[in-house]
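**Q** A single structure is presented below for examination.
The values are calculated or read from the model by the stated rules, or taken from the named source; none is laboratory data. Values in this document were obtained by computation on a predicted structure and should not be read as measured data. Note that each Cβ is placed from the backbone with ideal geometry, even for glycine, and that neighbours are counted across all protein chains shown.
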Amino acid sequence: MDKFKFDLNQFVELSISGEMGHIKSRAESINHCNQYLVHYKAADGRAQESWFDEDDIAAVEDDEHPGAPIYAVKADDVKA
């Protein structure tokens, strides 16, 4: 099977709407492309979770480090 293009907790943009969120889960199957469960804030302000095909999302990159992905991290996980 194909390697996953995106990592867990990676920030992504939904190609169809421009909304952004982070990947909570990934799935692979025999006869379909990789899919990702994305947790995002919908345009109306509600928190949403939906599955998207790999081709329907794009990585959000760090403006200061072009090409570098951005990850969601809990404040408790960052050492001071």
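**Q** Are any residues in the stretch 15-56 of a type in the set (Asp, Glu) and under 18 Å from residue 3 (Cα atoms), and if so, which ones? Lay out the reasoning, then the answer.
**A** We begin by selecting, within the stretch 15-56, every residue of a type in the set (Asp, Glu); these are 19, 28, 44, 49, 53-56.
Listed by number, the residues that qualify are 28, 53, 54, 55, 56.
**Q** Also: How do the pairs read when you match residues in the stretch 27-43 that are of a type in the set (Gly, Ala, Ser) with residues anywhere that are surrounded by 13 or more Cβ atoms within 10 Å (Cβ to Cβ), using Cβ under 6 Å and keeping only pairs 6 or more apart or on different chains?
**A** 27/35; 42/48
**Q** Continuing with this model, one more query. Where residues in the stretch 33-69 are polar (S, T, N, Q) and surrounded by fewer than 16 Cβ atoms within 10 Å (Cβ to Cβ), which of them is nearest to the chain's Cα centre (by Cα)?
**A** Checking each candidate, the answer is 50.
**Q** So, one more: Can you give me the number of residues within the stretch 49-63 that are at pLDDT 90 or above and assigned to a loop (DSSP other than H, G, I, E, B)?
**A** Summing the residues that are at pLDDT 90 or above and assigned to a loop (DSSP other than H, G, I, E, B) in the stretch 49-63 gives 1.
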